[in-house]
Each structure stands twice: as structure tokens, then as C-alpha cells.
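The values are calculated or read from the model by the stated rules, or taken from the named source; none is laboratory data. All values derive from a computational prediction rather than experimental measurement. Here the Cβ positions follow ideal geometry from the backbone for every residue, glycine too, while neighbour counts run over all protein chains shown. Accessible surface is based on the protein model in full, side chains and every heavy atom, while ligands, DNA and RNA are left aside. Shrake-Rupley method; radii C 1.70, N 1.55, O 1.52, S 1.80 Å.
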Amino acid sequence: MFQLDVLIEDFFSILKVVPQTLLLAVIILILSLFMGGCLALIQRKKIPILFTIITVVQSFLRGTPNVVLLYLGYYSLPFIVQYIVSLMGIDFNPHQLDPVITVIVVFSISFSVFQSETIRGSLHSVERGQIEAAQSLGYGFFHTLWKVIIPQALVEALPDIMNSFLVIIKALSLAYLISVVDIFGQAKLLGAYNFSYIEAFVAAAFVYWILCSIFTLFINKFELRLRKGY
Amino acid sequence: MDITFMLEILPQFLSVLPITLLIIVVSTICGFLLSVLVVAIRIKKVRLLNPIMGMYISFTRSTPILLQLFLIYYGLPVVLALMGIHINDMNPTTASIITLIIYNGAYMSEVVRPAYLAVERGQHEAADSLGFSPFKKLYRIIIPQVAPIALPGLGNAIIYLIHDTSLIFAIGVVDIMGLANIIISSNYGMNQIEIYLLIAIIYWIVSMLSEQMIKYLERRKQRLPYNGSTKEVA
């Protein structure tokens, strides 16, 4: 009932989609970090109206599952893009929008909330005195941010960021629902192709397991080195 | 946007909400019990079982829950057949409950274990030297100290569990998401945005309510000082 040769074959054909899954995850990670950073800054500066809006949006994004957001984005994003593009006077067919873009946009937005928490925590870890010292040296806002705060906060946040990278890789398994092929999507395709779902899923599980083990090992090593720095 | 349509289909969604809630409650409780068992095995370092638990936790944490759902749904009947139990038709609801219990057992054990380890060694020794029985020690000294540490983590786990129940439609359970698919196909692919917006709002409300419940529990635990109860016993 369980064929080992099919498992091995599936394993290697799933390995082929690993690079594109990782690439997608990296893009989402960077975008969500950027947006999360903006959110954290707005929350820190307590900008009046934006602050309230962000609090509500954050609660919404935290309260709804990724699948629901993904479907919501899948059906509404093409029309939003069409509307924005039509304002600029360009014709755009809403059915042309690549689902990969939907995945990137939806996941970047939904993970930016979690990133903003990480970033907020790491910003807190930067001592007040460091900022005051920079200000007394006549650094501007962006100069302080770029030269003083970010380098220190980044070191503090890196383990959490790496962790969220793993979470994103796992969350990408949902992308098959809107026809984007990642590790899980590939397993599903292979399973349907030769009617051996179990072998394909076991192979995918091994791929995920190995991938996460490698990254976890990497994180632990990195964390140890950082702790030594202090 | 069609608000009246959203209100029209709301009763249908509320009628399937009990299935989701049942799955959430059953898998929270059973998952928690499983996690306690896992923690007990890992802390007592039971031979043979301890490395297996390590593997189990690493596996469930590094594979997506969607994959685990499919693995259990397709794989469990095969494994059971090897042991001589033949199931012709796996019920998707059962499969999803089993998956969520297994997943949560691992996830919650990683919350409970650090909380247990955070209790000082001296507390155990003090209880032992006062002649507490192991059960009484656990009940009177350890649990009141573990609970406040573990509660926020467990609350997070429950919120994630609520989110994960949105995936069980993938193996054919007719819950909120499953119903959405049915409605969309019977509507010739119209009104998807409204339907998914409604689902998002339902999940939002469920998550917020459970968050409030957990916060209430946390406040109650804080009001109940464990030093008071230990004094009373001593």
C-alpha cells in the first residue's frame, strides 16, 4: 500500500519547488518587516488618527485566520487594483492579476502586524540614553533611526524575525488554495497525478521538517553568537 | 458591496458555528491534557518515550497544520489497517479533531514546560521537607505558581487554534468555510467578497470574545495570591 520508490521520487520533485517557496517567503518577510516597522513607528509616535485606525486594523488582522484573508484578498484585490489603476487612466483587466501577487500582498499585510510587535519590543530594548546621546550630537530623526536605533534593535529582533520566517514558510502552504504552487501545493499535485496522496504528503512533511530543522539550527547558533557579544 | 445579502446569509453561518465551536472546545481540552502528559514524560525523562516526544514536538512544529490534516485524513486509516483495524470511511470531522489535538498537544506542551521549569527548585524542596504528598505538592504548591505563567501562552494557543479551525474545510468538513464554498457555488460565483468579509467578521468576534475570556481568567488568577493559600496549608 505504501510505496517507498514513489516517496523518494516525490521527495526529489518537491525539492525542486523549495527555492521558489523560499524566495516567496523572503519577499513576504522583507515587505512585512518594512510595513511592521512603519506600524511600530506610528504607534510609538502616537500619530492621532492613524493610531486609532491601526489599532482597529491590527485587532481585525489578529482576529481573522489567514485563509479567510487570503480568499478575501483573492476576490477583492483585482478590483481594488483596477480601481487604483483606472484613476491613473490605464485600462486593466482584473482577471489578469497573478495570484502570486495576491499571496504576497495578503501575507505581507497580515504578518506586518506580528512583525510590528517584534519591532516594538526590540525598539524598547534600545536604551533611552542612546537616543538622547544621538540627539545631543545633533543627529536628525532619520539619522538617529538609521545609525543608532536600527542597528541595535535589529540584533535584538533577529531571532524573532527568523522565527517568523519559518511561520511564513508554513503559512505559504495555504497558497495552493488560490493556485500558487509551493511545497504543499506540489505535494498535492503529485498526489493527484499518481493517486498516491500519502507518499506525496509524507515526502512534503520530510521536506518541511528538514528545512525547519536547518533553520532552527542556524537560529540557535546565531543567537548564541549574539549573546556572547554582550 | 451588498449589505442586505450579508445579513441574509448570516443565519446560515450562525447555524454551522456550533460545529466550529465544538471542535475548538474538544481540541482545546484534549490538547491540553495531552500536553500535560507530554510535559510529564519530558520532565520525568521517561526512557524511550522522551526522545519520541522530542521528535513529535519538532515534527508538529515544523510542518504546516494543513499538511498534518491531510496526513491524518489519508494516512491514519492506512496505519490503523496495518494494526488490523479497518476503517472504510474516515470522517473528516474526526480527522480534524484528532489533528488539532495532536498539534495542540505539542504546541501547549512548549508553553507548559517552561512555566513548570520556572518554578524554583526550592519550592519543591520546601514542600517535600514539610511532608507534602506528591499529589498535594502539585496541587497546592506547583500548579498555583505554574498557572499565572502559562495562562498568556495558553491564551495565544487557543487563538491560534481558532484560526486553525478555518482550515478543516480543506478535507471536507462543512464548517463556516465549507459553507462559504457551498454558497458560492450555488450562487454561480457571485458575492464572494461579501461572504468572506462576513466570515472574517465572525472569526474576529469569536477571537475577541475568547481573548476577553482569557484576560478575565488572568485577572482572577492574579487576585488569587498563591502565598496566601500556602500559608493556610502550612
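How many percent of the alpha carbon pairs in the stretch B:92-194 exceed a separation of 16 Å? Percent of Cα pairs beyond 16 Å in the stretch B:92-194: 69.
Bridging of A:K45 to aspartates and glutamates at a Cα separation below 19 Å is possible for A:E117, A:E127, A:E132, once same-chain residues fewer than 8 apart are set aside.
Sort B:I97, B:I143 from largest to smallest accessible area, using a 1.4 Å probe on the heavy atoms of the protein chains.
If we order B:I97, B:I143 from most to least accessible, we get B:I143, B:I97.
The label-point distance for B:K44 and A:Y139, in a model that sets each label 7 Å from Cα toward Cβ, rounds to 5.5 nm. Per residue of peptide B:201-208, the mean number of Cβ atoms on other chains within 10 Å of the residue Cβ is 4. Model label points for B:K136 and B:M208, set 7 angstrom from Cα along the Cα-to-Cβ axis, are 4.8 nm apart. As an exercise, use a Förster radius of 45 Å and the Cβ-Cβ distance of B:M190 and A:I49 to find the FRET efficiency, rounded to the nearest 0.05. Calculated transfer efficiency: 0.80.
Averaging the sequence gap over all C-alpha pairs within less than 8 Å and six or more residues apart, then dividing by the number of residues, gives chain B a relative contact order of 28 percent.
Within the stretch A:1-84, the trypsin sites (Lys or Arg not before Pro) that combine a DSSP coil assignment with at most 10 other C-beta atoms in a 10 angstrom radius are A:K16, A:K46.
In terms of overall dimensions, the C-alpha atoms belonging to the stretch B:128-182 reach 63, 19, 11 Å along their principal axes, ordered largest to smallest. Taking a cut-off of 16 Å, what percent of all Cα-Cα pairs in the stretch A:1-53 are separated by more than that? Result for the distance tail: 64 percent. Between A:H95 and A:N220, the contour length at 0.36 nm per residue exceeds the alpha carbon distance by 40.6 nm. Relative contact order of the stretch A:18-180: 37 percent, from C-alpha pairs under 8 Å at least 6 residues apart in sequence. Charge dipole (Cα centre; +1 on Lys/Arg Cβ, -1 on Asp/Glu Cβ; no other charges) of chain A amounts to roughly 860 debye.
Taking every protein chain into account, the 1.4 Å probe leaves B:S185 with about 80 Å² of accessible area, to the nearest ten. The stretch B:65-111 gives an Rg/Rh value of 1.04, both radii derived from C-alpha positions and Rh following Kirkwood. Using Cβ point charges alone (K and R +1, D and E -1), the dipole size of the stretch A:96-230 about the Cα centre works out to roughly 300 debye.
Taken residue by residue and averaged, Cβ atoms of other chains lying within 10 Å of the Cβ of A:13-26 number 0. Positive end of the dipole of the stretch B:3-223 (Cβ unit charges, origin at the Cα centre): among B:L21, B:I72, B:L130, the Cα lying farthest that way belongs to B:L130.
Could you tell me which trypsin sites (Lys or Arg not before Pro) in the stretch B:12-103 are loop residues by DSSP with no more than 14 other beta carbons within 10 angstrom of their beta carbon? Within the stretch B:12-103, the qualifying trypsin sites (Lys or Arg not before Pro) (loop, at most 14 other Cβ atoms within 10 Å) are B:K45, B:R47.
By its C-alpha gyration tensor, with a ≥ b ≥ c as the square roots of the eigenvalues, how is chain A shaped: rounded for a/c under 1.5, else prolate for a/b larger than b/c, else oblate? Oblate.
The mean count of C-beta atoms from other chains within 10 Å of the C-beta of residues in B:71-80, rounded to a whole number, is 3. Counting only DSSP H runs of at least 4 residues, each contributing -39500 (n - 2.57), and dividing by the residue count of chain B, the helix-based mean residue ellipticity at 222 nm comes to -26000 deg cm²/dmol.
Over chain B, the alpha carbon radius of gyration divided by the compact-protein estimate 2.2 N^0.38 Å works out to 1.24.
So for A:L7, B:L49, B:L197, A:L70, what's the accessible-area order with a 1.4 Å probe, most first?
Of A:L7, B:L49, B:L197, A:L70, the descending order of accessible area is B:L49, B:L197, A:L7, A:L70.
As an exercise, identify the chymotrypsin sites (Phe, Trp or Tyr not before Pro) in the stretch A:112-142 lying in DSSP coil whose Cβ has no more than 14 other Cβ atoms within 10 Å.
Of the chymotrypsin sites (Phe, Trp or Tyr not before Pro), not one in the loops of the stretch A:112-142 has a Cβ with at most 14 other Cβ atoms within 10 Å.
Relative to its Kirkwood radius, the Cα radius of gyration of the protein assembly as shown gives an Rg/Rh of 0.99.
Sorting A:T21, B:T28 by accessible area puts them as B:T28, A:T21; the probe is 1.4 Å, largest comes first, and only protein heavy atoms count. When chain B is treated as a GNM with alpha-carbon contacts under 10 Å, the residue of B:F132, B:F13, B:F70 showing the greatest mean-square fluctuation is B:F132.
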